[in-house]
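*Asks:* Can you read through this structure? Questions will come right after.
Read-outs throughout are calculated quantities, based only on the coordinates presented, and are distinct from any laboratory measurement. Values in this document were obtained by computation on a predicted structure and should not be read as measured data. Quick reminder, even Gly has a Cβ in these numbers, built from the backbone with ideal geometry, and neighbours come from all protein chains shown.
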Amino acid sequence: MRVVLAEDLALLRDGLIRLLEAHGFEIVAAVDNAPQLVRELVTLRPDVAVVDVRLPPSHTDEGLRAALEARERIPGLPVLVLSQYVEQLYARELLADGRGGIGYLLKDRVSDIGQFVDAVRRVAAGGTALDPTVVARLLDSRRRRLPLDRLSPREREVLSHMAQGRSNAAIGAAMVITEKAVGKHTNSIFTKLGLMPSEDDNRRVLAVLAYLEG
């Protein structure tokens, strides 16, 4: 699996390279600034990009904006944001096209290497991987009445786990219910949110977007 990595701190960049290579990833480019990130993404078209939000020259939101630019030029390009900060506006925009292949993890909350590697693979496969803190920040930033009001508390809990990129089996384990029960809740969520039958992965992404907007 081919990876383009964007991280301006040399020690952390080198550590991520070694970690990902140790788990079978091929690092085709490792950059420390936004303009070079866009060039490498468009030229190399990797399986996934792992991107820090704050890159030179201003160290504000260049990494996230570069990822958005690259996804405009390569629709559906998988991007995993790995940052110390939650940049709400551009995080929302990154999720807005509904194509999946999106992750947003906070560096200081990544305590399990296996889960991080799984998140990279999940995003590369077109799934989502969102840190619960990111979800909470996005929720707090904008609350308005949407079809989410139709969901039961149990369905909201299932959707919260879904927003973190968990499979039905993982959701069942977390909620101590059967995978079949999770499937019933999931189908009910799709129906109440007005998501017509299609590939489940696409409907999951749209349901997560509704959750974040709600």
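*Asks:* Could you give the longest part of the chain that holds none of the trypsin sites (Lys or Arg not before Pro) found in DSSP loops with at most 16 neighbouring Cβ atoms within 10 Å? Numbers along the way, then the final one.
*Replies:* Details: sites that count: 99, 142, 143, 144, 145.
That gives 1-98 as the longest site-free run.
*Asks:* For every other residue with a beta carbon closer than 15 angstrom to the beta carbon of residue 176, add +1 if it is Lys or Arg and -1 if Asp or Glu, then tell me the sum. Please list the in-between numbers first.
*Replies:* Details: positive: 154, 166, 180; negative: 157, 179.
Local net charge: +1.
*Asks:* Okay, next question. Taking 35 Å as R0, compute the FRET efficiency from the Cβ-Cβ separation of residue 19 and residue 156 and round it to 0.05. Could you put the intermediate results ahead of the total?
*Replies:* Numbers: r = 35 Å, r/R0 = 0.99.
Between residue 19 and residue 156 the formula returns 0.50.
*Asks:* Sticking with this one: For residue 54, enumerate residues with amide H under 5 Å from its amide H, sequence gap 5+ or separate chain, H modeled in the peptide plane.
*Replies:* Result for residue 54 returns 63.
*Asks:* While we're looking at this one, here's another question. Around residue 81, which amide H atoms from residues at least 5 apart in sequence, or from another chain, sit under 5 Å from its own amide H, with H modelled in the peptide plane?
*Replies:* Residues meeting the criterion, in which the H sits 1.01 Å from N, are 51, 103, 104, 105.
*Asks:* For segment 4-83, give the magnitude of the charge dipole about the Cα centre (Cβ charges: +1 Lys/Arg, -1 Asp/Glu; no others), in debye to the nearest 20. Walk me through the intermediate numbers first.
*Replies:* Numbers: 8 positive and 13 negative charges, 33 e Å.
For this selection, approximately 160 debye.
*Asks:* Mind checking which aspartates and glutamates have their Cα closer than 14 Å to the Cα of residue 192? Skip sequence neighbours fewer than 8 apart in that chain.
*Replies:* 149, 155
*Asks:* Which peptide among 167-177, 124-134 comes first, and what is the full order, when sorted by highest mean count of other Cβ atoms within 10 Å? The partial results should precede the final answer.
*Replies:* On the way: 167-177: 15.5, 124-134: 19.8.
Listed from highest to lowest mean packing, they are 124-134, 167-177.
*Asks:* Now for a different question. Give, as a single signed number, the net charge of other residues whose beta carbon lies under 13 Å from the beta carbon of residue 21, with Lys and Arg counted +1 and Asp and Glu -1. The partial results should precede the final answer.
*Replies:* Working: positive: 2, 13, 18; negative: 14, 26.
Summing Lys/Arg as +1 and Asp/Glu as -1 gives +1.
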